[in-house]
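To start, the structure under review is shown below, and the notes come after it.
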2 protein chains.
Amino acid sequence: MNIGIIGAGNMGHGLGKLWAQSGHQLMFSYSRDITKPKKIAQSIGSNARVGTPSEAVAFADVVLLSVPYGAVGDALKAAGSLKDKIVFSIVNALLPDMSGMAVGTSTSAAEEIAKLAPDADVVEALPVFAEVLNSDSRRFNDRQATVFYTGDNERSKQVVAGLLREIDVEPIDAGALKNSRYVEPAMMLLIQLAYTQKMGQVGFKLLNR
Amino acid sequence: MNIGIIGAGNMGHGLGKLWAQSGHQLMFSYSRDITKPKKIAQSIGSNARVGTPSEAVAFADVVLLSVPYGAVGDALKAAGSLKDKIVFSIVNALLPDMSGMAVGTSTSAAEEIAKLAPDADVVEALPVFAEVLNSDSRRFNDRQATVFYTGDNERSKQVVAGLLREIDVEPIDAGALKNSRYVEPAMMLLIQLAYTQKMGQVGFKLLNR
């Protein structure tokens with residue numbers, strides 16, 4: 001396939017390199033530093049070239065959009081018409097300093113509960129599905145599911161982590177209570193996979209290397 | 001420990017049963033059906049009893065809050081003061097029909113991009129971290145990371161899934177583009193684990209059974 005890449009950061013470069021190895025043709029475009037797409041294309045070799053965003057779109061069977069969230073408007077303007085194009089977006093709505101998200105999430109059940117019970121020490125963890133919990137084992141083919149916990153008091157978090165260990169899951173400290181705004185949608189993702197996508201009992205395992 | 005349980009649904013029941021087996025003492029409270037906490041306590045045996053929410057709080061070293069999101073306000077009112085209590089919340093902000101979230105998420109980068117490029121066919125997938133992508137292997141101890149993709153056109157999604165397979169990750173169909181509002185925070189959770197929690201290179205593996 002011809003893959004037009006808008007955005008010449010680490011992600012666009014890394015994906016492009018692997019796809020070039022699979023035999024796809026690439027065109028890199030769009031960077032604050034105009035020498036960067038050229039350098040990347042040269043490092044990849046004959047399967048890669050550079051162009052303007054609109055040239056990359058014209059060239060492409062698939063347009064990879066790999067710019068920071070704040071650059072999306074400008075990049076799409078430069079791209080021009082995307083009529084009938086597949087746009088493969090790898091853009092997450094991260095704030096530039098990664099301290100939070102620019103759109104999409106602003107609070108969580110955990111934070112609302114902490115507001116309603118300001119004297120309490122709230123720790124949140126969303127365990128495995130009830131069907132898993134109420135079955136003979138919480139394991140998925142012998143593997144423990146990861147359950148993320150959040151809270152603002154270390155000692156209380158350790159108590160909750162202990163209770164999670166007792167139900168045979170792997171507790172992982174996901175930081176401050178406000179990080180529940182990321183954990184809760186992640187659990188909602190599992191619910192969507194289970195019911196809308198009809199995958200049944202699902203869970204996360206955190207990979208680390 | 002003494003664990004006071006507010007909410008007598010499948011989750012409170014399932015967790016309580018396992019914790020009773022570990023030797024903890026339980027008090028169940030709060031249900032629309034007042035016979036339900038009693039039935040659950042009886043099924044668990046001598047480690048479990050019933051009480052009002054405020055009795056469960058007085059009894060508890062740890063208060064498990066396991067009610068639907070819509071019942072949180074009422075349940076906390078019934079619980080009374082939670083001063084210096086550890087509240088272990090397993091409440092997610094799900095709408096009653098699980099069609100979405102009541103608070104915390106309302107849009108996503110993917111949906112905003114689709115609004116800015118209405119003619120394009122946007123498919124989103126947030127691959128593994130750039131550090132993983134640009135290393136010798138995308139595997140975590142021989143295991144493929146799961147990458148979720150969303151979109152509204154099946155054929156385009158299959159193209160993106162193929163491109164993901166080529167970079168040696170496991171593509172999982174996470175449904176419609178609007179489900180990016182769950183996938184994007186899930187990826188932000190990984191970023192928090194990597195940087196704030198200093199876990200380094202992390203990824204998700206979807207478990208299914």
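Tell me the residue from B:197, B:158 that is of a type in the set (S, T, N, Q), out of contact with any helix residue (DSSP H, G or I) (no Cβ under 8 Å at 6 or more places or on another chain) and under 18 Å from residue A:94 (Cβ atoms), please.
Values: B:158 fails: under 18 Å from residue A:94 (Cβ atoms).
Unique residue meeting the criteria: B:197.
What number goes with the only condition from (1) within 8 Å of chain B (Cβ to nearest Cβ); (2) assigned to a strand (DSSP E or B); (3) modelled with pLDDT of 95 or more that residue A:171 does not pass?
Against the list (1) within 8 Å of chain B (Cβ to nearest Cβ); (2) assigned to a strand (DSSP E or B); (3) modelled with pLDDT of 95 or more, residue A:171 comes up short only on (1).
Could you grab me the full set of residues in the stretch A:108-140 that are within 20 Å of residue B:15 (Cα to Cα), more than 7 Å from chain B (Cβ to nearest Cβ) and in a loop (DSSP other than H, G, I, E, B)?
A:128, A:129, A:135, A:136, A:137, A:138, A:139, listed by residue number.
Just to be sure before I move on: is residue A:32 surrounded by fewer than 18 Cβ atoms within 10 Å (Cβ to Cβ) and basic (Lys, Arg) in the structure I sent?
On the way: surrounded by fewer than 18 Cβ atoms within 10 Å (Cβ to Cβ): yes; basic (Lys, Arg): yes.
It is true that residue A:32 is surrounded by fewer than 18 Cβ atoms within 10 Å (Cβ to Cβ) and basic (Lys, Arg).
One residue is enough: does the stretch A:63-70 have a residue meeting the conditions out of contact with any helix residue (DSSP H, G or I) (no Cβ under 6 Å at 6 or more places or on another chain) and surrounded by fewer than 24 Cβ atoms within 10 Å (Cβ to Cβ)?
yes
How many residues, within the stretch B:160-209, are among the basic types (Lys, Arg) and in contact (Cβ under 8 Å) with a residue 12 or more places away in the chain? Walk me through how you get there before you give the answer.
The first filter runs over the stretch B:160-209 and keeps only residues among the basic types (Lys, Arg), leaving B:165, B:178, B:181, B:198, B:205, B:209.
The next check asks that each one be in contact (Cβ under 8 Å) with a residue 12 or more places away in the chain; those that pass are B:178, B:181, B:205.
Looking only at that region, the number is 3.
Scan the stretch A:152-167 residue by residue and report those that are outside any helix (DSSP H, G or I), out of contact with any Phe, Trp or Tyr (no Cβ under 9 Å at 6 or more places or on another chain) and within 9 Å of chain B (Cβ to nearest Cβ). Step through it out loud before you land on a result.
The first filter runs over the stretch A:152-167 and keeps only residues outside any helix (DSSP H, G or I), leaving A:152-153, A:167.
If we keep only those that are out of contact with any Phe, Trp or Tyr (no Cβ under 9 Å at 6 or more places or on another chain) too, we end up with A:152-153.
Across the stretch A:152-167, the qualifying residue is only A:153.
Does at least one position in the stretch A:77-93 carry a residue that is out of contact with any Lys or Arg (no Cβ under 8 Å at 6 or more places or on another chain), in contact (Cβ under 8 Å) with a residue 12 or more places away in the chain and over 16 Å from residue A:6 (Cα atoms)? Outline the logic, then answer.
Keep residues of the stretch A:77-93 that are out of contact with any Lys or Arg (no Cβ under 8 Å at 6 or more places or on another chain), which gives A:77-93.
If we keep only those that are in contact (Cβ under 8 Å) with a residue 12 or more places away in the chain too, we end up with A:78-82, A:85-93.
Filter once more, keeping what is over 16 Å from residue A:6 (Cα atoms): A:93.
Yes; the residues of the stretch A:77-93 include at least one that is out of contact with any Lys or Arg (no Cβ under 8 Å at 6 or more places or on another chain), in contact (Cβ under 8 Å) with a residue 12 or more places away in the chain and over 16 Å from residue A:6 (Cα atoms).
Considering each residue of the stretch A:99-117, count those that are touching a residue at least 40 places away in the same chain (Cβ under 8 Å) and over 26 Å from the mean Cα position of the chain (by Cα), and give that number.
Qualifying residue count, the stretch A:99-117: 1.
Can you find even one residue in the stretch B:129-146 that is surrounded by 15 or more Cβ atoms within 10 Å (Cβ to Cβ), on the phi > 0 side of the Ramachandran plot and either of a type in the set (A, V, I, L, M, F, W, C) or in contact with a strand residue (DSSP E or B) (Cβ under 7 Å, 6 or more places away or on another chain) (or both)? Outline the logic, then answer.
From the stretch B:129-146, those surrounded by 15 or more Cβ atoms within 10 Å (Cβ to Cβ) are B:129-130, B:132-134, B:138-140, B:144-146; that's our starting set.
Filter once more, so that each one left must be on the phi > 0 side of the Ramachandran plot: none.
The answer is no; no qualifying residue exists.
Could you identify the single residue in B:42, B:25 that is free of Cβ contacts under 8 Å to residues at least 60 places away in the same chain and surrounded by fewer than 16 Cβ atoms within 10 Å (Cβ to Cβ)?
Numbers: B:25 fails: surrounded by fewer than 16 Cβ atoms within 10 Å (Cβ to Cβ).
Within the list B:42, B:25, the selection yields B:42.
Restricted to the stretch B:52-65, and to residues that are closer than 15 Å to residue A:117 by Cα and facing chain A (nearest Cβ under 10 Å), which residue is farthest from the chain's Cα centre (by Cα)?
Filtering first and then ranking leaves B:57.
The values are calculated or read from the model by the stated rules, or taken from the named source; none is laboratory data. Treat the numbers as computed from the prediction; the structure is a model and nothing was measured. A quick note on method: Cβ atoms are made from the backbone with ideal geometry, for glycine too, and the neighbour counts reach across all protein chains shown.
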